[in-house]
Every structure is written in structure tokens, then in C-alpha cells.
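The values are calculated or read from the model by the stated rules, or taken from the named source; none is laboratory data. Since the model is a prediction, treat every value here as computed from it, not as a measurement. Cβ coordinates were reconstructed from backbone atoms using ideal geometry, including for glycine residues, and neighbour counts include every protein chain displayed. Calculation scope for accessible area: heavy atoms of the full protein, side chains included, ligands and nucleic acids excluded. Shrake-Rupley method; radii C 1.70, N 1.55, O 1.52, S 1.80 Å.
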Amino acid sequence: MKKGMRDALHRIFGFSSFRPNQEVIVSNIMAGRDVFAVMPTGGGKSLCYQLPAHMLEGLCVVISPLISLMKDQVDAAKANGLDAEFLNSSLTPKERFRVFQSLDNHQLDLLYVSPERFAMPEFIATLKQAKVSFFAIDEAHCISEWGHDFRPDYLSLANIVKHFPKVPVAAFTATATHKVSDDIIAKLGLRNPHLVRASFDRPNLFYQVVPKENLDLQILHFLRERKGESGIIYRTTRKSVESTTEFLQEQGVRALAYHAGLTDKQRKENQDQFNRDEAEVVVATIAFGMGIDKSNVRFVLHGDLPKNMEGYYQETGRAGRDGEPAHCRLFFNRGDMVRIRYFIEQTDDPMEKKIAEQQLFQMVRFAEANVCRRKTLLGYFGETYAKANCKTCDICMGEVECVDATVPAQKVMSAIHRSGQKFGAVHIADIVVGADTQKIRQMGHDQLKTYGAGKDMDKKYWRRVIDDLLAQECLVQNQDSYSALELTPKGQQVLLGKKKFEVIRQKEVKKADFDGFSGDYSPNLFMQLRAERQRLAQNECVPPFVIFSDRTLREMALYFPDTPEKMSGISGVGAAKLEKYGDTFMIIIEMYKHLHPDEAQKHSVLQVPVTIIKKSRKKKTGQTVTDTLKLAKQGFSLEAMADMRGLSEGTISQHIEKLLEEGQGNGLDVDKLLGSAKRLQIEELFNQHSGKSMKAIIEASSDTVNYAELRIVRAFMQAND
Ligand code: ADP
Ligand code: MG
């Protein structure tokens with residue numbers, strides 16, 4: 001059995017090993033036991049039910065709350081060769097009929113449905129006919145009023161155990177305190193479930209906090225270093241979302257906004273564009289949430305301080321689902337804290353107020369303490385992080401340091417003391433830098449001993465010192481007197497030199513060597529593979545990550561696999577994807593090798609880690625681009641070459657396209673390949689329907705031309721431009 005599971009893991013998903021807890025969950029489901037699993041985002045929950053769904057006889061019914069995600073999930077399962085469908089209100093009657101038909105014919109491994117169906121007796125009756133092997137409930141926390149995404153529809157899931165007493169139920173969530181966990185188990189009526197509570201640690205996420213100064217510029221700077229990568233930028237208000245988006249767009253960044261003020265349609269459209277890698281970044285309020293299943297989010301930036309650690313964890317958690325390194329940066333200044341506190345003050349319920357204050361305090365401590373960020377974050381979830389150095393946060397990487405700031409602190413506090421503790425931060429900073437303002441002249445503060453004592457630094461620096469003094473409670477702001485700064489007893493001690501004052505400061509370090517993937521992959525080939533993925537995704541109307549993850553493409557750009565055997569050793573390439581996309585990507589790799597022999601040699605000697613052939617497939621002879629070139633030069637037509645070599649016309653046309661793109665097409669003649677009549681017909685079609693998709697053009701031709709032919713003519717037209 002164990003071996004069967006591993007084989008299937010490899011054959012279907014193309015993975016060489018299980019992630020933590022996956023194997024035990026799959027085994028329990030296979031053994032017919034209920035399961036309740038709390039695993040972090042990106043932990044690989046889908047595989048926990050998709051694998052047994054494939055191995056067990058009968059149908060696995062997956063309950064998932066978000067209609068917007070179901071299609072992507074089903075597309076992803078199908079891309080791996082599973083028989084999957086979904087049922088929700090977005091289907092047309094015809095589509096629905098088709099799904100019910102395949103249900104009646106017992107053809108499905110997986111059926112995704114929305115929770116409200118379980119309130120419908122007809123649906124329950126249909127399922128009873130359908131031989132259900134088990135139920136998988138995703139986002140199970142939605143059933144609990146204690147959780148943060150309660151959905152009344154989920155309550156009808158209590159019907160499952162009632163109506164299907166013999167069928168096991170596996171429930172999954174990424175977010176549940178112990179209290180919520182108990183509630184979920186009780187509400188669903190799980191029967192002595194196998195419990196899994198995985199660590200909340202996300203080792204591939206890099207956590208970092210930097211002082212917030214000119215936020216939009218800071219964000220732009222970050223993006224410039226990560227061109228082409230996907231990321232999310234969180235901001236608190238709709239207005240700030242809009243302004244950051246506009247700023248980035250003006251700077252040429254493909255950024256889109258997402259907040260509750262947009263129409264449903266617009267939100268969906270923006271999210272789709274992000275999913276399809278057509279927009280690099282989404283600037284969003286926290287309304288952009290559970291619906292994000294995109295696996296290659298490479299960074300999450302927080303432009304403002306989140307209200308609590310739970311939110312921060314969930315939001316950063318959307319980065320790096322594919323297990324590849326991802327960057328989480330929080331821009332922080334104390335002004336944000338003041339603003340949040342202002343909102344907390346508006347709440348009437350004293351209990352609520354107290355909780356909110358406590359949560360804010362924890363968040364600020366996370367941002368300001370000189371303690372491993374990971375340790376603090378996991379500590380919040382009641383987990384103890386055992387390692388002394390996590391190596392993936394700014395603190396552990398030594399990006400920040402503890403600096404003695406007693407002297408600057410004394411300068412500030414002396415200015416406060418000498419001016420009578422009656423002034424706010426702006427004026428105090430003015431005194432210290434020796435500014436020439438009307439207020440200073442009026443008050444005679446240019447006569448103070450501390451006037452200009454800090455002119456070697458700028459105002460921003462002194463404001464920061466004041467913030468630090470407030471943070472460490474050496475100063476307080478007098479709320480009754482225009483936020484005048486006053487010394488606390490602790491501040492007095494520092495001023496008198498009886499106590500040291502230390503602050504955390506960003507250290508100037510060279511960019512942490514965390515940019516990725518351990519292997520030394522070829523970035524140029526990676527870009528080409530990505531472009532091909534984008535093209536395929538557009539043709540198939542699926543998000544690019546459904547085709548291959550970034551990780552998979554990086555491995556290809558490291559190992560240069562050019563045979564099906566090697567290709568099948570790449571993580572994420574299962575039998576179905578090998579069959580469907582293997583050739584396409586191998587052609588690109590082969591061409592790349594041909595043009596970059598030095599790189600090719602370096603990479604080809606590397607061994608792909610696992611080389612089990614996922615599906616026995618004889619290597620066809622003469623599959624290479626160079627063979628195509630040779631034959632085409634001899635004057636063989638597209639059809640003849642395809643016949644002779646047992647390849648599809650599509651593959652050959654791709655060879656030709658590649659050759660022309662790379663300027664290797666000398667001696668190729670389009671009229672020999674297609675015949676001049678065909679060539680003329682297609683050129684005419686392109687002229688008439690310029691800007692239309694190939695599909696539309698084929699329809700317009702009443703199917704007298706095909707993709708392969710169109711691709712060839714287009715490639716020649718482009719080559720002659
Ligand atoms: P979750 O639902 O728990 O947030 P997903 O099921 O979406 O996570 O999986 C996250 C990513 O991890 C996906 O890209 C998936 O293909 C990948 N993944 C899952 N299991 C494995 C594994 N055993 N090895 C490598 N990658 C995996
Ligand atoms: Mg999931």
C-alpha cells in the first residue's frame with residue numbers, strides 16, 4: 001500500500017516525496033477513518049484528498065466555499081490527469097447536465113461542490129446513488145462562529161454524517177485555534193477523527209520589518225529589484241490602495257487594485273489578471289483573501305501595520321505556496337499604531353476594546369523587538385520555535401542591530417526639559433537640528449543650550465529617536481495639551497545618565513542571499529520557459545500555475561532535461577503533464593542548448609534527482625529540431641514530416657517556429673511546407689482578422705486551416721518583418 005501511494009504521488013503529481021503529514025493523512029483516509037487536519041497555507045492540503053480520491057474506488061466529494069476557486073482547482077486536477085468536475089451556480093444548465101451525467105456514469109474521481117447543496121434533499125439523494133468514497137471539507141473553519149470566516153451555509157454540512165454514516169469525512173483548515181478545532185469537530189460530527197496539527201512554521205518565507213518613510217517609493221524600489229515576479233501589497237484603506245496603485249501604474253508597474261469598493265465584476269477581473277500573471281502586483285485591502293490560490297506569489301508587502309498577528313500571518317501566508325522562497329516585508333512606523341489606536345478608541349464594548357488593544361500591542365512588539373520574527377509569530381500560535389537562528393528573518397540574518405543611542409536620546413530629552421515640556425515632536429526636532437522657524441524665534445528657543453545640538457543629523461532621524469523614546473516609554477504624549485512631550489521617570493534616568501538607551505536599527509547589509517532556489521539555474525532559459533507557459537495558459541484559458549509551478553520551471557532551467565526520462569524526474573511533472581507539455585518544453589530547452597553550448601555543457605552533466613519513468617513511452621526517433629530543419633530543407637511538407645516521423649503537426653510547427661525565432665531558419669521555405677495556396681489563404685485570413693485569436697480565425701475559415709499551419713505562417717511573417 002505504502003509503495004502504491006508513493007508511486008501514485010510520483011506518477012500523478014510528479015513529486016518525489018510527501019510534505020509533512022501528507023502521508024499519514026492519506027493513509028488514514030484510505031483506511032476509512034475520519035480526519036481533521038490543521039495545516040498551514042501552502043502545506044499541500046489538496047493533495048491529501050486528491051491522491052486517495054484517485055486511488056480509492058468511487059467518488060470523492062470536495063466541499064469548498066469559494067466558487068471563484070473551484071474552476072482553478074478543477075483545472076489543476078485535470079491537468080494532472082484526474083477526472084474532476086464542479087457543481088455550483090456559475091454553470092449553465094447544459095454544463096450542469098453534463099456533470100450529472102458523468103456522475104451517473106460513475107466516471108469521476110473528484111466532484112467539487114459548494115456547501116449550500118447539502119441543504120438540498122435532491123442533491124443528497126443523487127449522491128447516495130453515486131458511490132461516494134469519502135468527503136473532503138476544505139476551509140472547515142467556516143463552520144465555526146468562533147473562526148474568522150463563519151459561513152452559515154457550512155452548518156448544513158452536519159447533514160453529511162447523518163446521511164452517510166458509513167462514509168469517512170476528512171476536514172481541512174489552515175487556521176484554527178484549539179477552541180475552533182473542537183467546535184469544527186463537534187459541528188461536523190466527526191467520529192473519533194485522526195487529528196493532525198501541523199506546525200504553523202513556513203520555512204520558505206523570509207520575514208522582515210523596515211522603517212516606513214516614503215512608502216510608495218520604497219515599494220517601487222522593492223519592485224524594481226523583482227521585475228516580473230508576482231506579489232501582493234496590503235494597505236489598510238481603499239483610498240491608500242487607490243493612491244498606491246495609481247502611483248505604481250504611473251511608474252510603469254502592472255499593478256491592479258482590489259478592495260470592497262469595487263464592483264464584484266471588477267474585483268473578479270483584477271484577480272483573474274493577477275492569476276494569469278498579466279498583472280504583476282495587486283494592491284489590496286484585506287478584502288483580498290481566502291480566494292487566492294496562486295502558488296507563485298513571491299512577495300507580500302504590508303504598507304501599513306496590520307491590526308493583529310492572526311491577520312498578518314494569514315496575509316503573509318499567501319506568499320510562497322509552492323514552497324519556493326518568498327519575501328514578506330512590513331513597513332512600519334509608530335504613526336500607524338497611533339491611527340489604529342484611534343479607531344480602537346471608537347469602540348463601545350470595553351471587552352472588545354481591551355482585546356483589540358492587546359492584539360495591537362502584540363503586533364507592535366513583533367515589529368519592534370530584537371527577537372527572531374519567526375519565534376514571535378509562532379509563539380503567538382502557542383508554538384515554541386526551538387532553533388536559535390531561523391536564518392530566514394531580518395533579525396536572524398543580522399540585518400538589524402542593537403545600537404546605543406543614549407547620547408541622541410539625551411539631546412532630545414534635554415531640549416524637551418529646557419523648553420518646559422510644553423511642545424510636540426515637530427517643534428522639538430526643530431530645536432535639536434537648529435531650524436530657523438518663526439516659532440523658535442518667537443519662543444527664544446534659539447537661545448537654548450540644546451539648540452542645534454543635533455545638526456549633524458536630519459529631522460527625520462530625530463523624529464525616529466522621539467518615536468523610539470515613546471516606544472520605550474521614556475516619553476509620553478500629554479493628550480490634554482496638544483500632544484506635548486513629557487519625560488517619564490525612566491526618561492529622567494536616561495537623561496541623567498543613570499540608564500542606557502538602546503534602539504534597534506537597520507544594518508546596511510548586502511542583499512541577503514535568499515533570492516531563491518538553491519540550484520544555480522539559468523535565468524535566461526527560465527524566462528523563455530515562463531513565456532511559453534504564459535502562451536499555453538492563454539490558449540487554454542487557465543492560470544499559468546495550473547500548467548507548471550515556478551519551482552518546476554526552475555528545475556528545468558537547472559537540469560536542462562531533454563528526454564522524457566529526464567523530464568519526468570522534474571518535480572511537478574507527472575505522467576499527464578509529461579504527455580501534454582513535455583515536448584513543448586523540451587523543444588525550448590533543446591534550442592537553448594543549441595544556441596548556448598557552454599551553458600548546456602555545464603547544466604547537462606547535472607543529474608536530475610529522481611529518474612523514474614512515469615509512463616513507459618518509447619522515445620520516438622528523429623524528434624529533434626535539427627532533424628526537422630534537415631528534412632524541411634530537403635523540401636518535405638509539414639504533413640509529410642509529421643507522417644514520416646510519427647509526430648503531430650503541432651510539434652513540427654513548433655520546431656519551425658522556434659528555428660525562425662532564433663534566426664536559424666535559413667533555407668526554410670513556407671511554400672514548400674504548406675503549399676502556396678494555403679500560405680496565401682492564411683495571410684489573407686490574418687489580414688482580415690488582425691488582432692483576433694487563432695481560435696476565431698480557424699472558425700472564420702470554417703476549419704479549413706489548423707493551428708499548426710497558422711503558427712507556421714505567423715512565424716514566417718514575423719521573421720520577415
Ligand atoms: P494548501 O491548500 O494547503 O494551502 P495546496 O494544496 O494549494 O496547499 O498546495 C500548495 C502547493 O504545494 C501546490 O503548488 C502543490 O502542488 C505543492 N505541493 C503539494 N504537495 C507537494 C509535495 N509533496 N511536494 C512538492 N510540492 C507539493
Ligand atoms: Mg487549499
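Here is how the numbers come out for the structure above:
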item: Subset of segment 56-65 that is modelled with pLDDT under 95 and under 25 Å from residue 322 (Cβ atoms) - its residue that is farthest from ligand 2 (Cβ to nearest atom); result: 65
item: Subset of segment 182-207 (residues that are more than 17 Å from residue 139 (Cα to Cα) and open to solvent by less than 10 Å² (accessible area, probe 1.4 Å)); result: 205, 206, 207
item: Helices (runs of 4 or more DSSP H) fully within segment 482-559 counting 2 or more residues that are at pLDDT 85 or above and touching a Cys at 6+ places or on another chain (Cβ under 9 Å); result: 489-495
item: Residue 231 being under 30 Å from residue 553 (Cβ atoms), in contact (Cβ under 8 Å) with a residue 40 or more places away in the chain and assigned to a loop (DSSP other than H, G, I, E, B); result: no
item: Positions within segment 81-126 being touching a residue at least 40 places away in the same chain (Cβ under 8 Å) and either in contact with a His (Cβ under 9 Å, 6 or more places away or on another chain) or open to solvent by 40 Å² or more (accessible area, probe 1.4 Å) (or both), in sequence order; result: 81, 82, 106, 109, 110, 116, 118, 119
item: Test: residue in segment 257-267 that is of a type in the set (A, V, I, L, M) and under 20 Å from the mean Cα position of the chain (by Cα); result: yes
item: Positions within segment 131-181 being open to solvent by 20 Å² or more (accessible area, probe 1.4 Å), in contact with a His (Cβ under 7 Å, 6 or more places away or on another chain) and more than 16 Å from ligand 2 (Cβ to nearest atom), in sequence order; result: 131
item: Conditions (1) open to solvent by 50 Å² or more (accessible area, probe 1.4 Å); (2) part of a loop (DSSP other than H, G, I, E, B); (3) at pLDDT 85 or above; number of the one not met by residue 705; result: (1)
item: Qualifying residue in segment 12-29 (condition: more than 24 Å from residue 164 (Cα to Cα), buried (at least 20 other Cβ atoms within 10 Å of the Cβ), within 13 Å of ligand 1 (Cβ to nearest atom) and over 22 Å from the mean Cα position of the chain (by Cα)); result: yes
item: Residues (loosely packed, with under 14 Cβ neighbours inside 10 Å and not in a helix (DSSP H, G or I)) located in segment 234-253; result: 237, 252
item: Close pairs (6 angstrom Cβ cut-off, 6 or more residues apart or separate chains): closer than 18 Å to residue 563 by Cβ in segment 588-602, of a type in the set (D, E, K, R) and assigned to a helix (DSSP H, G or I) anywhere; result: 588/532; 591/658; 600/593
item: Segment 48-68, subset under 24 Å from residue 152 (Cβ atoms) and surrounded by fewer than 20 Cβ atoms within 10 Å (Cβ to Cβ), residue farthest from ligand 1 (Cβ to nearest atom); result: 67
item: Scan of segment 184-219 for residues that are of a type outside the set (S, T, N, Q) and free of Cβ contacts under 8 Å to residues at least 40 places away in the same chain, ordered by number; result: 186, 189, 216, 217
item: Answer residue from segment 30-47, given it is more than 8 Å from ligand 1 (Cβ to nearest atom) and open to solvent by less than 10 Å² (accessible area, probe 1.4 Å) and is farthest from residue 378 (Cα to Cα) among those; result: 34
item: Single residue of segment 425-464 satisfying the filter (touching a strand residue (DSSP E or B) at 6+ places or on another chain (Cβ under 8 Å) and among the hydrophobic types (A, V, I, L, M, F, W, C)) that is most open to solvent (accessible area, probe 1.4 Å); result: 425
item: Which numbered condition residue 212 misses (of (1) farther than 23 Å from residue 311 by Cβ; (2) open to solvent by 20 Å² or more (accessible area, probe 1.4 Å)); result: (1)
item: Some residue of segment 429-445 being assigned to a loop (DSSP other than H, G, I, E, B) and within 30 Å of residue 361 (Cβ to Cβ); result: no
item: Tally, over segment 659-669, of residues that are in a helix (DSSP H, G or I) and either open to solvent by less than 20 Å² (accessible area, probe 1.4 Å) or at pLDDT below 85 (or both); result: 2
item: First in segment 424-451 and over 17 Å from residue 483 (Cα atoms), second anywhere and at pLDDT below 90, Cβ under 6 Å, 6 or more apart; result: 433/459
item: Segment 19-54, residues that are within 16 Å of ligand 2 (Cβ to nearest atom) and either without any contact (Cβ under 8 Å) to a residue 24 or more places away in the chain or in the same structural domain as residue 312 (by TED's automatic domain parsing) (or both); result: none
item: Some residue of segment 291-300 being open to solvent by 30 Å² or more (accessible area, probe 1.4 Å) and on the phi > 0 side of the Ramachandran plot; result: no
